[in-house]
Amino acid sequence: MKIVVTGGLGFIGSHTVVELQNKGFEVIALDNLSNSSIEVLDGIERITGKKPVFENIDLREKTAVQNFFKKYSDISGVIHFAASKAVGESVENPLLYYENNINTLVYLLQELQQKPEAQFIFSSSCTVYGQAEKMPITENASVQPAVSPYGNTKQIGEEIIHDVAKVTNINAILLRYFNPIGAHPSAEIGELPLGIPQNLVPFITQTAIGLREQLSVYGNDYPTADGTAIRDYIHVVDLAKAHVVALQRLINKKNLEKVETFNLGTGTGSSVLEVIASFEKVSGQKLNYKIVGRREGDITEAYANTDKANNILGWKAESSLDESLASAWKWEQKIRS
Ligand code: WQD
């Protein structure tokens, strides 16, 4: 039984390929290399000893998707990471996001619905909650009107999957990530942001290594203890392991609903200043940063209630913020050496 990982050479995708291989799954990594590099395949092989089958396919090409599924008729599961994910870019270029994040999902589901049975895992995001009223955030917290086309594509994606699963043999699990950070402890794979990083942690490590002049902290006038915004930073390997457990649940089918949703976070919120302090501790380096105004569209606080993932998936994040940041720093030093 083959498992397809779309975006399999990307940040979370590549870490998930490693964990799938560690559990004995045969993996096909599918990627169009628009936000990843082919060298990631070698990194995966150096970790697991197995190079996954790789297909350079652009999921926006419907015939390419159809031909792929003709070529591999024994696919039963898809973990779908491939998508554009930069909030700011999605505001500037919404159609790029609707094409890349929605059309591709439709083409994949059109192929999977023809199978006698299929497992589908969708990479969703806590962004669907917007600024939730209550912390920690549970899966039945209301989904707020999206503040960006990126967030909207995650909400629409979830709705499409619900509609399709109702009338097909597809069983799906929606995984709502909080803030994925860090890198594989081997430092053979990690985050490779193209250009200026939008996210906090790669910007911190690039500042510390001297690639960036100074980190701008977006606002210290939030209604939080130290005035900076709070997020739930989860190690990417913990996140990857959750995908394997979710796939196993879909395969075992025990008490399975057609579509299940899980928050993937640590359950602990950390402010930007707390992340900086943790990074300075684990790296032994003073970070050069300044406080500036808030970033458009940012929310004050988001951290997960992880009871559902703990109790139903039997999964819990294991790495601390310090450990996650130490792995991010080790990776940054490795790729710049
Ligand atoms: C975290 C905190 C910033 C950069 C987004 C998406 C989410 C997911 C992860 C894709 C915020 C502050 C950041 C900087 C800063 N994306 N910050 N200076 O915005 O919580 O989530 O990325 O899956 O869906 O919404 O993550 O890392 O950009 O920001 O002060 O240079 O760090 O204001 O408070 P975010 P982030």
Notebook entry, point to check: Taking helices (runs of 4 or more DSSP H) that fall entirely within region 73-124, which contain at least 2 residues that are within 16 Å of the ligand (Cβ to nearest atom) and touching a Phe, Trp or Tyr at 6+ places or on another chain (Cβ under 7 Å)?
Noted result: 87-92
Margin query: Given the criterion open to solvent by 50 Å² or more (accessible area, probe 1.4 Å), polar (S, T, N, Q), under 28 Å from Asn252 (Cβ atoms) and at pLDDT 95 or above, identify the matching residue among Asn22, Asn67.
Written below: Asn22
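For region 306-337, give me the residue count where each residue is open to solvent by 30 Å² or more (accessible area, probe 1.4 Å) and assigned to a loop (DSSP other than H, G, I, E, B).
Going through region 306-337 one residue at a time, the tally reaches 7.
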Check: Which condition breaks for Leu41 when tested against (1) modelled with pLDDT of 95 or more; (2) more than 21 Å from Lys23 (Cβ to Cβ)?
Finding: (2)
Notebook entry, point to check: Glu296 fails exactly one of the following numbered conditions: (1) modelled with pLDDT under 95; (2) buried (at least 19 other Cβ atoms within 10 Å of the Cβ). What is the number of that condition?
Noted result: (2)
Check: Out of all the residues in region 178-188, is one or more open to solvent by 50 Å² or more (accessible area, probe 1.4 Å), more than 24 Å from Leu250 (Cβ to Cβ), of a type outside the set (A, V, I, L, M) and over 19 Å from the mean Cα position of the chain (by Cα)?
Finding: no
Item checked: Neighbours by Cβ (under 9 Å, 6+ apart or cross-chain): first from region 238-253, over 12 Å from Gly13 (Cα atoms); second among the small types (Gly, Ala, Ser) and open to solvent by 40 Å² or more (accessible area, probe 1.4 Å) -> Val245/Gly314; Arg249/Gly314
Notebook entry, point to check: So which residues in region 143-172 are buried (at least 19 other Cβ atoms within 10 Å of the Cβ), closer than 27 Å to Glu89 by Cα and more than 14 Å from the ligand (Cβ to nearest atom), if there are any at all?
Noted result: Ile161
Next item on the list: Among the residues of region 89-112, write down those that are modelled with pLDDT under 95 and touching a Ser or Thr at 6+ places or on another chain (Cβ under 8 Å).
Entry: Ser90, Val91
Check: Restricting attention to region 264-283, and to residues there that are more than 13 Å from the ligand (Cβ to nearest atom) and either touching a Lys or Arg at 6+ places or on another chain (Cβ under 7 Å) or open to solvent by 70 Å² or more (accessible area, probe 1.4 Å) (or both), which single residue is nearest to Lys154 (Cα to Cα)?
Finding: Thr268
Note to self: Given the criteria in a loop (DSSP other than H, G, I, E, B), under 25 Å from Ser34 (Cα atoms), open to solvent by less than 50 Å² (accessible area, probe 1.4 Å) and within 13 Å of the ligand (Cβ to nearest atom), does Pro202 qualify?
What the structure shows: no
Note to self: Yes or no: region 264-276 includes at least one residue that is in contact with a Ser or Thr (Cβ under 6 Å, 6 or more places away or on another chain), assigned to a strand (DSSP E or B) and over 30 Å from Ala172 (Cα atoms).
What the structure shows: yes
Notebook entry, point to check: Of the residues that sit in region 212-248 and are within 17 Å of Phe279 (Cβ to Cβ) and surrounded by fewer than 17 Cβ atoms within 10 Å (Cβ to Cβ), which one is nearest to the ligand (Cβ to nearest atom)?
Noted result: Ser216
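The values are calculated or read from the model by the stated rules, or taken from the named source; none is laboratory data. Since we're looking at a predicted model, the values are computed, not measured. Neighbour counts run over all protein chains shown; Cβ positions are idealised from the backbone, glycine included. Ligands, DNA and RNA are excluded from the accessible area calculation, which covers all protein heavy atoms including side chains. Shrake-Rupley method; radii C 1.70, N 1.55, O 1.52, S 1.80 Å.
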